[in-house]
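So the structure is just underneath, and the comments pick up after that.
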Amino acid sequence: MAEIIQRDGTWAFDGTSVRITPGLHRSVPLFRQTYGEITVPLEAVAGIVYEPERKRGRLRMRLREGADPLLHATGGRLPDRADPYRLTVDVDRSGVAEYLAEEIRHALLLDQVPGEPTKAYLLPGPPVPVSVRSSDGTVSFDGTQVRVDWADTSDRVKRATGPRVINVGDVVRVEWLPNSGLEDGFLRFVTRETVFSKLPSEKDPYALDLWGNVSRDLLTALVATAVTARLPHPSTHTGTEREHESDQEREQVREYGNLARGRGLAASVPPPSDHHDVLLRRLRELGELHRDGVLTDEEFARTKAVVLRGF
């Protein structure tokens, strides 16, 4: 057993996995404390290095591409302080940090752990159910459905459409950008119906606009990761499949345009106007057409997106 205990957390290696436990000190970011303990199997590790500095050093572990849904969901955008695979080390513990890193590297060689991307997630992500209150509303995920309850400060279009419920099977991907404090972030659930939507996050009913407390909004990465962990692994999408899907989507757009012109759907989209009540009435009318089967799911989603842009 090789172990290092620091104010920011504890890393322990037992020969088969690295257990990363966040510290309890108030300086430890809220995201790390909330995400909790992570057990990284050795087969998920690509490498580890100790970077010494004059006052404090840093342990940094690199995971194999595709091994962790957290890294895939956040796309490398987690702030350094919130990154669970970095540990600040006091200078008087640098020897322990070097020993831990050497033990892990030695085990990687002995077990001949490959460096190429994984074919499946090797870490489970956060447990469900998980719920986070952000600046734009509360987002919850129970393992099968995502639910978004809008805040009183959310855009009136979002509040008018009511809570958003999305089946995880309808989600194509999750897009996440942190709120930096200088620029807003977002959490967006992209479905096949909304994949071409160009709505900004503050008006997109499938997205949360992250503009408030930075630490609190960062917790939305928990939901992003939990959903991502239950989507098909990125290795299952080959380049040929992605090209084929793009061709299908372009064909759907052309078909939709023909159907819309044939049914006169453009008439149900009002010209630019300051009267939001008119636009809300159009949304209700579109909903009725969809429920009656006049509009397909695809037609409804795209026509609704046009109406929403009017806001």
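Structural remarks
- The lone criterion from (1) assigned to a loop (DSSP other than H, G, I, E, B); (2) in contact (Cβ under 8 Å) with a residue 60 or more places away in the chain; (3) surrounded by 20 or more Cβ atoms within 10 Å (Cβ to Cβ) left unmet by N179 is number (2).
- Selection status of T10, touching a Lys or Arg at 6+ places or on another chain (Cβ under 9 Å), touching a residue at least 12 places away in the same chain (Cβ under 8 Å) and among the hydroxyl-bearing types (S, T, Y): yes
- Test: residue in region 28-43 that is over 26 Å from the mean Cα position of the chain (by Cα) and part of a loop (DSSP other than H, G, I, E, B): no
- Hey, A120 surrounded by fewer than 16 Cβ atoms within 10 Å (Cβ to Cβ), over 15 Å from the mean Cα position of the chain (by Cα) and not basic (K, R) or not: yes
- Residues of region 55-67 that are of a type outside the set (A, V, I, L, M), under 27 Å from the mean Cα position of the chain (by Cα) and outside any loop (DSSP other than H, G, I, E, B): R58, R60, R62.
- Checked against (1) more than 18 Å from the chain's Cα centre (by Cα); (2) within 18 Å of G115 (Cβ to Cβ); (3) touching a residue at least 24 places away in the same chain (Cβ under 8 Å), P52 passes all but a single condition, namely (2).
Every number here is computed from the coordinates shown, using simple stated rules; none is lab data. Just so we're clear, the structure is a prediction, and the values are computed from it rather than from any experiment. With ideal geometry, Cβ positions are generated from the backbone for all residues, glycine too; neighbour counts draw on all protein chains shown.
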